[in-house]
Amino acid sequence: MFDQWRRLVGANEVRSLLLSAAAYCALLAGYYMLRSLREAYALQVGREHIDVLFYTTFGVMLVVLPLYWFVVARVPRRWLVPLVYSIVIALFAILGTGLSVNPDSRALAAVFWVSVTSLNLFIVSVFWSTMVDAWQSGAAKRVFGFVAAGGSTGAMLGPLFNSLFVEDLGPVAVIFVACSLLGVAIIAARLAQRALLARSDASRETLDIAVGGRATDDLRRLIRSNYLLAIAALIVAGQILGAFMYNEQARYVEAAYETLNARAALFARIDLAVNALSLAFQTLVVGWLASRGGLRLALGAIPVLLMLSLILLALLPMGAVLIATQVFRRAVDYGLFKPTREMLFTVLGSETKFKSKSLLDTVLQRGGDSVGQLMYGLIGGLGLSGVAWVGAGVCALMVGLASWVGGRFSARESGQREPA
């Protein structure tokens, strides 16, 4: 890992990179504490209502995203992270207070689930928008794996905390600890933003400039760009796979574990395994693969790996293999797909990075979840093996698309620009 660091990170990039990674570490530590609780609260609402939770989340995103665009167009960039994260902290502090009074409320459990599922995309999206706005594409290919590794470190610490303490402390205490970590993320993100500007000799006045633009421009930009539409298709396909596996996992856990705390502890252990494997991908694979083999190879390898794991699950359809496959799928998503997908935006303009990107990262992802829920309603009766075979077929379709997007990135990076 340290040899990889020395080869890929320049001496003048170390401070910026460490601050960026620290911000992402605190952010995902807090988020993954909430995520483990989210999965447990979903089963408190009832597995039969999971599809309704996803549809509700998609509706919430349709309302929240225009508000986010309004803010991004008018608020100076230096205040985007503090503003968005502060709203999230306030929301979960209120929910934590409500759940402390009425811990068995299915309504509050549903609101908690929808809140985590909706807002996590905004907090992650605004973080990465800040990163891709500051790092140039060449540096991004070298260092984004390490930035993502900082997140994975936090994403390991959060579930580790839950797995050790949630059964003793209870969910409400965990919610407030997570809120505190999001506060730390605000401070670290601001320091990282300033360090990135100083490293690139950019004017500090840039921090006081809003992104600008209109919401209709963002929609037109997406519709008119084959490049953005291809990224969108990859995202939707990945969310469809996630929906299939999420439902199969919920079916298994509901049958095998009875209490909220026991389920929360299990999901924390799953998250810990996911993020340990993600960290290995991010530190040992993604930077080397993207800088040596290019994004075409890096992106193309992702659906191939997912397809092989789903074929194994189809041949061995049992609970232990299901959990292992889910861990591997999510690790590939976070450890390989997420950082390489963020690199795709480094060759685009500021409005695309902050606004069109947010459309892809939020509404489109949750729209993909909803499509996946509808499709699962059609194929769920095939059983675990049948669902895995359908998922492998989706991966096969993703291979060619991923290769095309990687090729377009290389063309843009070399100056062959297309409208976007």
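The values are calculated or read from the model by the stated rules, or taken from the named source; none is laboratory data. What you see is a predicted model, and the numbers here were worked out from it, not measured in a lab. Cβ: placed from backbone, ideal geometry, glycine included. Neighbour counts: every protein chain shown. The area values use the complete protein model at the heavy-atom level, side chains included, leaving out ligands, DNA and RNA. Shrake-Rupley method; radii C 1.70, N 1.55, O 1.52, S 1.80 Å.
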Distance in nm between residue 304 and residue 180 label points, each 7 Å along Cα→Cβ, equals 4.6 nm
By accessible area with a 1.4 Å probe, ligands and nucleic acids excluded, highest first: order of 394, 126 | 394, 126
Can you tell me the accessible area per residue over the stretch 226-282, all protein chains present, probe 1.4 angstrom, in square angstrom?
-> 31 Å²
At a probe radius of 1.4 Å, what is the per-residue accessible area of residue 180, in Å² to the nearest 10?
-> 80 Å²
Net charge, residue 384 excluded, C-beta distance under 10 Å - Lys, Arg +1, Asp, Glu -1 | 0
Quick one: accessible area per residue over the stretch 20-71, 1.4 Å probe, rounded to a whole number of Å²?
-> 32 Å²
Label residue 101 and residue 86 with points 7 Å out from Cα along Cα→Cβ: what is the distance between them in nm?
-> 2.5 nm
For residue 251 and residue 67 in the same chain, what is the full-extension length gain: residue separation times 0.36 nm, less their Cα-Cα distance, in nm?
-> 62.7 nm
Extension gain residue 48-residue 320, at 0.36 nm per residue separation less the Cα-Cα distance, in nm?
-> 95.7 nm
When the accessible area of the stretch 246-285 is computed with all protein chains present and a 1.4 Å probe, what percentage of it is carbon and sulfur?
-> 61 percent
Sort 33-45, 395-407, 107-119 for me by packing, meaning the mean count of neighbouring Cβ atoms within 10 Å per residue, highest on top.
-> 33-45, 107-119, 395-407
With every protein chain in place, what's the accessible area of residue 295 (1.4 Å probe, Å², nearest 10)?
-> 0 Å²
Please report, in debye to the nearest 20, how large the charge dipole of the stretch 226-313 is about its Cα centre when each Lys and Arg carries +1 at its beta carbon and each Asp and Glu carries -1 there.
-> 300 debye
